[in-house]
1. Restricting the range 63-82 to residues that are over 15 Å from Lys6 (Cβ atoms) and of a type outside the set (Gly, Ala, Ser), which is surrounded by the most Cβ atoms within 10 Å (Cβ to Cβ)?
2. Checking Glu35 against (1) exposed (fewer than 12 other Cβ atoms within 10 Å of the Cβ); (2) at pLDDT 95 or above: exactly one of these is not met. Which one?
3. Tell me yes or no: at least one residue of the range 19-28 is within 9 Å of the chain's Cα centre (by Cα) and free of Cβ contacts under 8 Å to residues at least 60 places away in the same chain.
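The values are calculated or read from the model by the stated rules, or taken from the named source; none is laboratory data. Predicted model, so just to flag it, every value in this text is computed and none were measured. All Cβ positions, even for glycine, are placed from backbone atoms using ideal geometry, and neighbour counts span all protein chains on display.
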Amino acid sequence: MEGQGKLVRIKGIIIPADWDAEGNVTRATISAFNEEEYFVDEDKKGKEILGLMQQEVEVLGTVREEAGTNVITVEEFQQSKR
């Protein structure tokens, strides 16, 4: 699936994946309930989702494989309601 993408809807928890020198989170991963992890693409929506760290979300996006990891380009997201 390298380079290709397929549209998926996943539910999971936003967790930090990378930090800057000051300790601010710069990239997120979605730890999905199917036990998969998805690195969030670092585009506009990807930066918006950083505000939901440690929150449960539902994400619609395109998943592709890069260097053996899943990367999702977020099209839309919402915080899950419990």
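1. Step one: filter the range 63-82 for residues over 15 Å from Lys6 (Cβ atoms), giving 67-69, 76-82.
After this cut, where a residue has to be of a type outside the set (Gly, Ala, Ser) as well, the list is 69, 76-79, 81-82.
Details: Thr69: 11, Glu76: 10, Phe77: 21, Gln78: 10, Gln79: 13, Lys81: 6, Arg82: 4.
Among those residues, the one meeting the criterion is Phe77.
2. The one condition Glu35 does not meet is (2).
3. Kept after step one, since they are within 9 Å of the chain's Cα centre (by Cα), are these residues of the range 19-28: 27-28.
Then drop every residue that is not free of Cβ contacts under 8 Å to residues at least 60 places away in the same chain, which leaves 27-28.
Looking for residues that are within 9 Å of the chain's Cα centre (by Cα) and free of Cβ contacts under 8 Å to residues at least 60 places away in the same chain, one finds at least one in the range 19-28, hence yes.
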